[in-house]
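**Q** Structure in structure tokens, see below.
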Amino acid sequence: ASRLLGKAVLITGASAGIGEACAREYARAGAHLILTARRVDRLASLAKELKAQHPSVRVLPVAMDVRDRKQVFSAIEGLPEEFRNVDVLVNNAGLVIGVDPVETVAPEAVDTMFDTNVKGLINVTQAVLPIMKKRNSGHIVNLSSVAGTQAYPGGSIYCGTKHAVDAITRALRMELVSTPINVTSIDPGLVETEFSLIRFGGDKERAAGPYAGLTPLSGEDIAEAIVFATSRRPHVQISTMQIFPTNQASVYHFHREQ
Ligand code: 8X3
């Protein structure tokens, strides 16, 4: 039987992309789900679909903007009894805005990226970690990126947020070294989700650019890796998984069919 059977998994940014794919993979593994996102209507329909497919799986949609610390804490504190013991936290919520250089990037974009990708991740981690500590078990998965170890022009702020996530994840693993809690960093390259569409403000043509001429990863590819990382025997801590499409080798190296 799956080691995840009956475990409670909390996923941020679960309404689309990698988060939604994680919801599907964890449901398949028999885990109960706490799905959080701002777009609660999308969560509700996803929850309905997953419950129909997997009748033994409990799914709780929760409205949560990870930037809103008060909302994060009251949502976690208010979890119903059967969802309260979070076994796995997937800190997935995150985004990129634009490709502006440092010289001109809008302060609102800087705030949105840091508030979501970094401070949001800290908010949720601080709300959930005491539960794991108290139960002396748990697994925290942080979505970093290859942009967490490499930077590229036009990606300064996004790469900065992911470098921060990388540092926070490493420090957290050290802080928890004497506990049974595992900490994993997931570092994907090109994944085709709404990521690029949001980056380019809904411009579909520009959004397609990064994925042209190669087969990018899908949210499902990343979700499979996350489920793998969190379903090893408890003494196994996968620290980092860097995942590229076959035709990518760094943030600069791609092979594209013309
Ligand atoms: C996404 C990787 O290179 O598209 O985290 O910014 S990249």
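Quick note: the coordinates plus some simple rules give every number you see, no bench work behind them. Quick caveat, the model's predicted, so the values are computed rather than measured. Cβ coordinates were reconstructed from backbone atoms using ideal geometry, including for glycine residues, and neighbour counts include every protein chain displayed.
**Q** From GLY213, GLY202, which residue is in contact with an Asp or Glu (Cβ under 6 Å, 6 or more places away or on another chain) and not hydroxyl-bearing (Ser, Thr, Tyr)?
**A** On the way: GLY202 fails: in contact with an Asp or Glu (Cβ under 6 Å, 6 or more places away or on another chain).
On inspection, the qualifying residue turns out to be GLY213.
**Q** Which of the following residues is more than 15 Å from the chain's Cα centre (by Cα) and either of a type in the set (Lys, Arg) or within 20 Å of ALA37 (Cα to Cα) (or both): ILE140, ILE198, ILE181, ILE131?
**A** Details: ILE140 fails: more than 15 Å from the chain's Cα centre (by Cα); ILE181 fails: either of a type in the set (Lys, Arg) or within 20 Å of ALA37 (Cα to Cα) (or both); ILE131 fails: either of a type in the set (Lys, Arg) or within 20 Å of ALA37 (Cα to Cα) (or both).
Answer to the selection: ILE198.
**Q** Another question about this same structure. Checking ASN142 against (1) away from the ligand (no atom under 12 Å from the Cβ); (2) part of a loop (DSSP other than H, G, I, E, B): exactly one of these is not met. Which one?
**A** Unmet for ASN142, out of (1) away from the ligand (no atom under 12 Å from the Cβ); (2) part of a loop (DSSP other than H, G, I, E, B): (2).
**Q** Additional query: So how many residues does the range 138-172 have that are closer than 20 Å to SER231 by Cα and charged (D, E, K, R)?
**A** Number satisfying all stated conditions: 0.
**Q** Now for a separate question. Would you pick out the residues in the range 98-139 that are closer than 30 Å to ALA8 by Cα and within 16 Å of the ligand (Cβ to nearest atom)? Reasoning before the result, please.
**A** Step one: filter the range 98-139 for residues closer than 30 Å to ALA8 by Cα, giving 112-139.
Of everything in the range 98-139, those that are closer than 30 Å to ALA8 by Cα and within 16 Å of the ligand (Cβ to nearest atom) turn out to be THR112, MET113, PHE114, THR116, ASN117, VAL118, GLY120, LEU121.
**Q** Does HIS253 count as within 12 Å of the ligand (Cβ to nearest atom) and exposed (fewer than 12 other Cβ atoms within 10 Å of the Cβ)?
**A** Values: within 12 Å of the ligand (Cβ to nearest atom): yes; exposed (fewer than 12 other Cβ atoms within 10 Å of the Cβ): yes.
Considered against the rule, which asks whether it is within 12 Å of the ligand (Cβ to nearest atom) and exposed (fewer than 12 other Cβ atoms within 10 Å of the Cβ), HIS253 comes out as yes.
Rundown of residues vs (1) more than 18 Å from the chain's Cα centre (by Cα); (2) surrounded by fewer than 18 Cβ atoms within 10 Å (Cβ to Cβ); (3) farther than 22 Å from ASN92 by Cβ, yes/no style:
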{"site": "LEU176", "(1), (2), (3)": "yes, no, no"}
{"site": "ARG206", "(1), (2), (3)": "yes, yes, yes"}
{"site": "ILE222", "(1), (2), (3)": "no, no, no"}
{"site": "PHE228", "(1), (2), (3)": "no, yes, no"}
{"site": "ARG233", "(1), (2), (3)": "yes, yes, yes"}
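**Q** In this structure, does VAL9 turn out to be at negative phi and out of contact with any Ser or Thr (no Cβ under 6 Å at 6 or more places or on another chain)? So that I can check it myself, show each step before the final result.
**A** Working: at negative phi: yes; out of contact with any Ser or Thr (no Cβ under 6 Å at 6 or more places or on another chain): yes.
When the stated conditions are applied, VAL9 passes them.
**Q** Checking VAL165 against (1) within 27 Å of THR104 (Cβ to Cβ); (2) within 14 Å of the ligand (Cβ to nearest atom); (3) in contact with a Gly (Cβ under 9 Å, 6 or more places away or on another chain); (4) free of Cβ contacts under 8 Å to residues at least 24 places away in the same chain, which test does it fail?
**A** VAL165 satisfies all of (1) within 27 Å of THR104 (Cβ to Cβ); (2) within 14 Å of the ligand (Cβ to nearest atom); (3) in contact with a Gly (Cβ under 9 Å, 6 or more places away or on another chain); (4) free of Cβ contacts under 8 Å to residues at least 24 places away in the same chain except (4).
**Q** Here's a follow-up. Going through the range 216-247 one residue at a time, which ones are polar (S, T, N, Q) and closer than 23 Å to ALA23 by Cα?
**A** Going residue by residue through the range 216-247, those that are polar (S, T, N, Q) are 218, 230-231, 237, 239-240, 242, 246-247.
Matches in the range 216-247: SER218, THR230, SER231, GLN237, SER239, THR240, GLN242.
**Q** Could you tell me which residue of the range 174-203 is nearest to the ligand (Cβ to nearest atom), considering only residues that are in contact (Cβ under 8 Å) with a residue 24 or more places away in the chain, β-branched (Val, Ile, Thr) and part of a loop (DSSP other than H, G, I, E, B)?
**A** So, considering only residues that are in contact (Cβ under 8 Å) with a residue 24 or more places away in the chain, β-branched (Val, Ile, Thr) and part of a loop (DSSP other than H, G, I, E, B), the one nearest to the ligand (Cβ to nearest atom) is THR193.
**Q** Restricting to the range 145-154, and then to whatever is within 6 Å of the ligand (Cβ to nearest atom) and touching a residue at least 60 places away in the same chain (Cβ under 8 Å), can you tell me which residue is surrounded by the most Cβ atoms within 10 Å (Cβ to Cβ)? Steps first, please.
**A** So in the range 145-154, the residues within 6 Å of the ligand (Cβ to nearest atom) come out as 145-147.
Add one more test, that the residue is touching a residue at least 60 places away in the same chain (Cβ under 8 Å), and what stays is 146-147.
Numbers: VAL146: 20, ALA147: 22.
Restricting to residues being within 6 Å of the ligand (Cβ to nearest atom) and touching a residue at least 60 places away in the same chain (Cβ under 8 Å), the top hit is ALA147.
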